[in-house]
Amino acid sequence: MILRNAYFDERIKQMRRSMKARGLDGYFTSSEQNIFYLTGYKDDNSMLLITRKNILLGVSGMNLSLAKKFLAGRSAVKIELLNSFYKFVSTSDLKKLGYGAGLVLEKYRYLKKIKGLHLVYNPGLIEELRSIKDDYEISQIRISCDISKRAAKFAFSLLKNGITEKQLTDEIELFFRRNGALKSAFDLIAASGKNSAYPHHQVSERKIGANEIVVLDIGCMYRGYCSDLTRTFLLGKIKKYYKTIYNIVSEARSVALRTIKPGVAARDLDAVARGVIKAAGYEKYFLHSLGHGVGTEVHEYPYLSPKSSASLKQGMVLAVEPGIYLPDKFGMRIEDTVIVTEKGCEVLTDDFNF
């Protein structure tokens, strides 16, 4: 699917409606992901100002020509050097300027000095817009998930006695790039044996044994969009106890997926999955929230946690990842990326069995 200017035009319209609803004359962001979402341009040293009539992108001198070339077909976006960008803000007729989380202190202090300008902290304004994916975004996430599914199957074929955790993740990263992904979406996790008891284990040179557990948490980035999936492999002759724990996690996953639909509170979704694990007597070993949004970042709004105030909406893409982690023994997690549909959800990482 081709990314057309119409997608960005619609996102800007939605942005301006949100600004108007909050009484803002403009909104400032220096978030690389937010700027990418609203313009398609990606640069970790740029700034974006959206007013009710203008869109101004500030870039460094080194990237000026690149930004102009990249955005040549988008006349609505005015591009300036960073110094000129600040001058524009200071001479504009802005009264209330919104900004979100992540604004560095240096930029905040500069904006704070502008006479007549009232800065209004509006965290999550763009992030909430980003949480509802359009058809282009969903098409890219589908491809990203497909690459990750195939990578998981490929990894399973490599799970043999003697391969190390690091060798396994190195092979997966190569697979990603050979199959169209830009890179891994995060530091990949291959946790074997007792290492699986750590949810965010850092890969080591440990050799994977013939009869043990391997938790594989992987995801790639394709054209700016992420995927996220986890599989727990039970290799060789596995104790019945391991299978019991696996079935509890699998049931928590299934219950969560059946619960997903527009209008469900994120904290309630966490609660139903957590309830399965609690009923089995392992609640204290579920060490994290049920999941999170997935998009241009692998962890983004909404967060599926007990304290979340978010509600699910059609078009959201979520990672659902129940797990149980027994200290100094082992851990298990199953994670899928799903789209919230009109009446339920669609699992994008649907090759559950290997």
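Fewest-first ordering of His292, His118 by other beta carbons within 10 Å of each residue's beta carbon gives His118, His292. Equivalent ellipsoid of the stretch 56-121: semi-axes from √(5λ) of the C-alpha gyration tensor, largest first, are 24, 13, 11 Å. Distance between the modelled labels on Ser139 and Ser90, one decimal in nanometres: 4.4 nm (7 Å Cα→Cβ projection).
Cross-link list Lys133/Lys329; Lys53/Lys307; Lys20/Lys113; Lys53/Lys261: which exceed 28 angstrom alpha carbon to alpha carbon? Could the numbers behind the result be given before it?
Numbers: Lys133/Lys329 40 Å; Lys53/Lys307 37 Å; Lys20/Lys113 24 Å; Lys53/Lys261 36 Å.
Too far apart for the 28 Å limit: Lys133/Lys329; Lys53/Lys307; Lys53/Lys261.
For the chain, the longest principal axis of the Cα atoms and the long axis of helix 266-279 meet at an angle of about 10 degrees.
Out of all DSSP beta bridges in the chain, what portion is antiparallel? Express it as a percent rounded to 5.
On the way: 42 of 54 bridges.
Beta bridges within the chain, antiparallel portion: roughly 80 percent.
Once Rh for the stretch 146-225 is found with the Kirkwood sum over Cα pairs, what is the Stokes-Einstein diffusion coefficient at 37 °C and 0.692 mPa s, in µm²/s? Diffusion coefficient, whole number: 260 µm²/s.
Please report the antiparallel percentage of DSSP beta bridges with both residues in the stretch 5-131, rounded to the nearest 5. Around 40 percent antiparallel, to the nearest 5. Over the chain, dividing the summed -39,500 (n - 2.57) contributions of all DSSP H runs of at least 4 residues by the number of residues returns a 222 nm mean residue ellipticity of -11500 deg cm²/dmol. Modelled spin-label separation between Thr164 and Lys278, with each label point placed 7 Å from Cα along the Cα-to-Cβ direction: 4.3 nm. The alpha carbon radius of gyration of the chain, expressed as a multiple of 2.2 N^0.38 Å, is 1.10. Largest GNM mean-square fluctuation among Gln33, Gln314, Gln14, using the chain with Cα springs under 10 Å: Gln14.
The numbers here are math on the coordinates, done by the rules we state, and not lab data. Keep in mind that this is a model prediction, so the values were computed, not measured. As a convention, Cβ positions derive from the backbone with ideal geometry for all residues, glycine included, and neighbour counts pool all protein chains shown.
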